[in-house]
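For reference, the structure I am asking about is given below.
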Amino acid sequence: MPACRFILFVSACVDRRRRSLPSRRGWCVVALALIAIGLGDVSRGKADELPAADAATAISVEPAGIVNAPGEVVEADGSRHAVAELSGIVWLGGDAYAAVMDGSDRVLILTVIPAADGTAPTVTFERSIPLDRLRDWEDLAVFTGPDRRRRWFFVEEDTPAVREFAEGDGDRPVGAGLRPLRAAGTVSLAGPFRSARPNRGPEALAIEPDGSRLWTANEEPLERDGPPVAAGVAGKVRLVGLAIDDAGALGDGAIERRREVIYEVDPPHDRVSLGGGPLYSGVVALVALGEGRLLVLERSAAAGVPPLENRIYLVDTATAAEARDVSGNLAAAEPVAKTLLWKGALGVNLEGLCAGPRLPDGRMTLVAVADNGADNGVGRRPNPVACFFLTSP
C-alpha cells in the first residue's frame with residue numbers, strides 16, 4: 001500500500017472514533033518518515049518481527065500473506081453494496097466466512113483460500129445478507145449444534161449487548177444457502193461492562209468449539225477498573241465468558257453464570273512519536289481454541305512511525321482466577337498469564353480474527369480483517385484481508 005493511502009487509512013480509522021491525529025503538516029511528516037523507512041506494499045504481507053514461539057506448548061503463529069479485497073460486493077441481481085469498516089470475521093466451513101461491518105445492517109459472505117507457501121490469499125466477496133436491525137456491530141460468532149441449527153451471535157457496543165440471530169426457519173446446516181437473519185434474543189452486557197469508556201466497550205466475540213460458552217472482552221479498561229492506557233502504561237480488561245444453555249441459546253442466566261478473567265493489555269507500541277493525538281491499545285478480537293484457551297488479538301495505534309501494531313497472545317482461562325466479584329481499581333488484580341505468539345504491523349488496522357480449516361500438514365488457518373475506515377464517497381477503499389498459520393502439537 002502506498003504511504004499516502006496508508007496515512008489516509010489510519011486517519012479515517014481514528015476519525016471513526018471522533019478523535020483526531022496530528023495536523024495535515026504532521027501527516028506530511030508521517031509520509032516522509034514512512035517513505036524513508038521503506039514501508040513495503042501491503043500485498044507482500046511482511047511483518048515487523050518474526051513469530052515468537054512458546055517452547056512449553058510449541059504453539060506458534062506466522063503471517064501467511066495479505067491482500068487488498070474490493071471495496072464493494074456485487075449481489076446476484078447485479079446490485080452493489082459498499083464494504084467498509086470490517087470489524088469481525090467468522091468461519092462458516094469450507095472456504096466460506098462471514099464478516100461484520102461497523103454501523104451496517106448487512107453481513108458480508110466471502111471466500112478465503114490461503115496459499116500454503118504464505119503468499120497472498122485469494123479472497124472473493126460472494127454476497128451479503130441483511131440483518132433486521134442496525135447497530136455498531138463489532139464482532140460475530142457462529143455455532144451449528146447437533147440439531148443442525150446454525151446460530152449467529154453478534155456483539156455491539158451501542159447498548160452494549162450480545163444479540164442472537166437465526167436464519168429464516170432456523171434449520172439451515174452449514175454449507176446451505178443463507179437467508180436474511182432475524183433477531184432471536186439479547187443478553188445485555190451493561191453489568192460486566194458498566195462504566196466503559198466511549199468507544200472502548202466490547203469489541204470481540206468468540207464461541208468455544210463445543211458451543212458451551214461465548215467469550216467477549218472490553219477493548220480498553222473500564223473507568224471503574226483503573227486509568228486508561230498511556231505511554232508505557234498497560235491496561236487491565238475483563239475477558240467475559242457467557243454460558244450457553246443446553247438448547248444452544250443464551251438464556252436468562254447467561255450473565256449470572258458468566259466467567260470473568262482479568263487480562264492485561266500491553267502499553268501502546270514503541271514508535272517515533274510525532275506528538276499529540278490519542279493513544280490506543282486494547283483487545284479487538286478473540287479466537288476460542290477449546291477448553292478455555294483463547295487467542296487474543298491486541299491492536300495499538302498512535303501518532304508516530306509506525307502508527308499501528310498488532311499482537312496475538314495465547315491465554316488459558318481455565319487456570320486463571322475468577323474475577324467476577326473483583327471490583328475497584330485492578331492494579332493489584334492478578335491477570336491471566338499470556339504468551340506472545342506474533343506481533344507486527346502489516347501496515348493495516350487489524351480488528352477481526354477467526355480460526356479456519358487445517359491444512360494437510362496440520363497447521364490451522366487464521367483469517368484476519370482490517371478496518372479500512374468509513375467510505376468517503378470519493379472511491380471505495382480496499383479491504384485488507386490477512387492470513388496466518390497456527391502451528392500446535
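Filter region 334-360 for residues that are out of contact with any Phe, Trp or Tyr (no Cβ under 9 Å at 6 or more places or on another chain) and either hydroxyl-bearing (S, T, Y) or more than 17 Å from L294 (Cα to Cα) (or both) and give the result.
If the condition is that a residue be out of contact with any Phe, Trp or Tyr (no Cβ under 9 Å at 6 or more places or on another chain) and either hydroxyl-bearing (S, T, Y) or more than 17 Å from L294 (Cα to Cα) (or both), then E334, G344, A345, L346, L350, R358, P360 are the ones that fit.
List the strands (runs of 3 or more DSSP E) inside region 293-393, counting only whole elements, that have at least 1 residues being among the β-branched types (V, I, T).
Of the strands (runs of 3 or more DSSP E) lying wholly inside region 293-393, those with at least 1 residues that are among the β-branched types (V, I, T) span 293-301, 308-316, 338-344, 364-370, 383-391.
Out of the residues in region 188-227 that are part of a strand (DSSP E or B) and hydroxyl-bearing (S, T, Y), which is farthest from F153 (Cα to Cα)?
S188
Could you grab me the full set of residues in region 70-100 that are under 16 Å from L350 (Cα atoms), assigned to a loop (DSSP other than H, G, I, E, B) and either at pLDDT 95 or above or touching a strand residue (DSSP E or B) at 6+ places or on another chain (Cβ under 6 Å) (or both)?
Across region 70-100, the qualifying residues are V83, E85.
If we keep just the residues of region 225-283 that are of a type in the set (K, R) and without any contact (Cβ under 8 Å) to a residue 60 or more places away in the chain, which is nearest to P146 (Cα to Cα)?
My answer is R257.
The values are calculated or read from the model by the stated rules, or taken from the named source; none is laboratory data. Not measured: the values here are computed from a predicted model. Methodologically, a virtual Cβ is constructed for each residue, glycine included, from the backbone with ideal geometry; neighbour enumeration extends over all protein chains shown.
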